[in-house]
Amino acid sequence: MEVIQINLNHCDTAQQLLWQLTTETKCDVAIIAEPYRISSDNGNWIADRAGMAAILVTGRYPIQEVVTNRYEGFVVAKINGVFVCSCYAPPRWTLEQFCRMLDELTGELIGRRPIVIGGDFNAWATEDVRTPEEPAYLKHWQRSKDGRESIIDVTFCSPSLRTDINWRVCEEFTYSDHQAIRYTIGQRNPVAAQTGRIRERQWKMEAFDKDLFAEALRPHSEAQNGDADELTEALTRACDTTVPRKVEPRNRRRPVYWWNESLNALRANCNRARRCFQRARSTETREERRSDLRVAKAVLKYAIKQSKTNAFKELCRAVDSNPWGDAYRIVMARIRGPAMPAEGCPDNLKIIVKGLFPEHDPTS
C-alpha cells in the first residue's frame, strides 16, 4: 500500500498538485495535515473534528472502518488491515493541549495493530507558548510506540511494518513549504506485479473459436524460418482478429483532467527555483532567488487555474455532442459513491442474505 504524507498549509494550489502527485506515484492513501478543502460528497475522505487532519484513499483500498474522527488534531481509520492515523498539532497549542491530544490518540489505538501514524506535530518549536518540554514528551511517547521520525513531519509505525516501510522524502514540488513523504506499507507482491504487466496482452478466452483462429493463422503458416518475434507477432495478430482483448487493469491511473505538459514544465521550473533558493549563500543572492521562486509559483498557480477553467468549458461543450461521455461518467461516479470493502464476516453475511431474501409463509 503506497502512502503519501504532507502538510498542505491550507493551500488550494498545493492540494491541486497533490491530486496529480497521487496519480504519478500510484498512491493508495494520503495522510494530510492542514487540507484546503475536504470533500463531503463521497466516502474517500475522513477528517478530524476541526478539519485540521485528514485521510484520503485514492487507490485500490477503501476505508474499512472509521475508528475515530471526534477529536481535534487527529483522525484514525482502518485501511487494508492497517490502522492509519493522520495528526496535526498547531503551533498555537499549549503544552497541555499537545499532551492531551497524544493521550487521546494513545487511548484510541490500544489493542489495535498494526498502526501507522503520520503528521505535523510542530514539536521542534520552543518559542512563544511552546516549551522545551514538548519535544521531550513526544520523544517519550515515541519510545512507547516503537516508531520512527523525521525533523518536523513525523511518522510512527508498528515494529512489524518498520522493516519494509521504505520511508523517503519526495523531491517533487508541492507548492507547500513542506515536502511530501512517501513510504510503502507491506511488501510488494512480485507475482501480482508480474501479472499486472502481462494483463495488457490477455484475451477473453471464453470467446475463443479454434477453427476461426486456425483460419486467421493460415496466411502465416507458410512462412519458413521465422524467428520468435515474427511468430509472436503472427499469434498476436490472429488473436486480435478472432478474440476480443481484456480491458486494461482498473488500477491504472490517469492524470487529473486539467493536467498538461505545460503545467509539468512549470512545476519543474518551480522545483529548480526552490533548489536554487535553498542553495543560496549570500543574503543578496538569497533574496534574488526568493523573488524568482515567488514569480515561478505565481505563474504555476495562474496556469493551473486557467487550465481547470478551460477543461471545464471543454467538458460542457462535449456534453452537446456526446451526452454519455466524460460528463456522464463523472456524474455517475458521484451518484454511485466510493467502492466498499467486501463483507467477510459469516454472521453479517447471513443477516444481509436474510434481509434481501426474507422467509414468509406460502401464499396462493
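Numerical summary
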read-out: Probe 1.4 Å, all protein chains present, accessible-area order of I185, I351, largest first; value: I351, I185
read-out: Solvent-accessible area per residue, Å², over the stretch 16-127 with all protein chains present [probe radius 1.4 Å]; value: 38 Å²
read-out: Modelled FRET efficiency - R0 22 Å, K350 with V66, Cβ distances, 0.05 increments; value: 0.35
read-out: Across K78/K350; K78/K301; K204/K354; K26/K305; K26/K313, pairs whose alpha-carbon gap is larger than 26 Å; value: K78/K301; K204/K354; K26/K313
read-out: Accessible area of T13 in the full protein assembly, 1.4 Å probe (Å², nearest 10); value: 10 Å²
read-out: Integer Hz, Karplus 6.51/-1.76/1.60 couplings in order for the stretch 84-100, x for Gly and Pro; value: 9, 10, 10, 10, 8, 10, x, x, 6, 5, 7, 4, 5, 5, 4, 5, 5
read-out: Most to least packed among 318-325, 291-298, 305-312 [average Cβ atoms within 10 Å]; value: 291-298, 305-312, 318-325
read-out: Accessible area in the full protein assembly, largest first, 1.4 Å probe, for I330, I6; value: I330, I6
read-out: Sequence-distant residues sharing a close amide H with V67 (under 5 Å, placed H); value: V76, A77, K78
read-out: Solvent exposure, largest accessible area first (probe 1.4 Å, DNA, RNA and ligands not counted), of S176, S262; value: S262, S176
read-out: Where the Cα pairs of the stretch 1-130 fall when distances are cut into 10 Å bins, in %; value: 13, 45, 33, 9, 0
read-out: Separation of alpha-carbon centers, the stretch 304-333 and the stretch 26-56, rounded to whole Å; value: 25 Å
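The values are calculated or read from the model by the stated rules, or taken from the named source; none is laboratory data. Small disclaimer: the values here were computed from a predicted structure and weren't measured. No Cβ is skipped: glycine too gets one built from the backbone with ideal geometry, and neighbour counts run over all protein chains shown. Side chains are part of the model used for accessible areas, which takes the heavy atoms of the whole protein and leaves out ligands, DNA and RNA. Shrake-Rupley method; radii C 1.70, N 1.55, O 1.52, S 1.80 Å.
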